[in-house]
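We did not get these values from a lab; they are worked out from the coordinates using the rules stated. As the structure is a computational prediction, the values presented were derived from the model and not from experiment. Virtual Cβ from ideal backbone geometry, glycine too; neighbours counted across all protein chains shown.
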Protein chains: 2
Amino acid sequence: MDERFVVDTWHDVLSKHARAMCALERELGDKHGLGPSEFEVLDRMVAHDRKLRIQELCDEVHLSQSALSRVVARLEKAALVSRGVCDSDRRGVFVRITEEGRARHAAALPTQRAVLAEIFDDAATSLST
Amino acid sequence: MDERFVVDTWHDVLSKHARAMCALERELGDKHGLGPSEFEVLDRMVAHDRKLRIQELCDEVHLSQSALSRVVARLEKAALVSRGVCDSDRRGVFVRITEEGRARHAAALPTQRAVLAEIFDDAATSLST
DNA sequence: CCCACCTGGATGCGCGTGCATCTAACCATG
DNA sequence: CATGGTTAGATGCACGCGCATCCAGGTGGG
């Protein structure tokens, strides 16, 4: 069957993921003091432009609930988001992005886009490398 | 530009990678006592069907040299591969798969293929989910 | 109203990873 | 043959992740 195709696709995903992840970690970390997960959460916050529940973020970022909890904790410590109890369900926690968070995200966005463009535009090119 | 395309592609890679990785970890771990990295190394060994240098494996698996060194150490402890000094270059270490290693790989292969097929055949399907 | 069950999120823990560094072996040059 | 630079692989270290667990708050049945 096209088992070959499946395996090749998988290897391609592995390769792109590794390269992108590694580059993002370096670039975002060095230039903006953000990890890929931190950036991704900020990105979702900006995209939705409203307070989000932890669980909502869980669905969108591919992270376990515990990991997400810690990411938000780090972001809060860095004053990039603020946490607050959800008044309608006091177990819930909503996360709101701060102005500083928006600024950091805006600053980091071009860097992230550049890395992704590098990888995924070079995709066709890098196959011949 | 097709910045949209690049970002969407990236999210797709993230999603597939997360799902596949998670499933592989569970399935291979539970059924065969192997991590994804361990399996991948065994897979390369079988594919090449000869002793390989650590560095050669490094090029193929998307792992740092240190991570690979530990993976091989784990595999050796499990008697799935054996390490030996390269007589031509005594810094080098060649890795050879053992019979037990081949057996474990053969046993695990269908599991891995099933997971990958699940993810990448469902790819088109899951987009409409 | 009470109690057993469920759910959202936080935390302890172990593990695998990458980075920096170390050691040993190779190699070129004098 | 000695020496400085380079390369292969191993190891110390810090960190982020997932899993299991815990706790507070909600919810339904008696």
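In table form, for the structure just shown:
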| read-out | value |
| --- | --- |
| Span from the region B:60-113 Cα centroid across to the region A:22-71 one, whole angstrom | 35 |
| Dipole moment magnitude, nearest 20 debye, chain B about Cα centre, only Lys, Arg, Asp, Glu C-beta charged | 700 |
| Computed over chain A: relative contact order in percent, which uses C-alpha pairs under 8 Å that are six or more apart | 26 |
| Order of A:Val93, A:Val41 under a 10 Å beta carbon neighbour criterion, fewest first | A:Val93, A:Val41 |
| Proximal lysines relative to B:Lys77, as straight alpha-carbon distance under 27 Å, when same-chain residues fewer than 8 apart are discounted | B:Lys31, B:Lys51 |
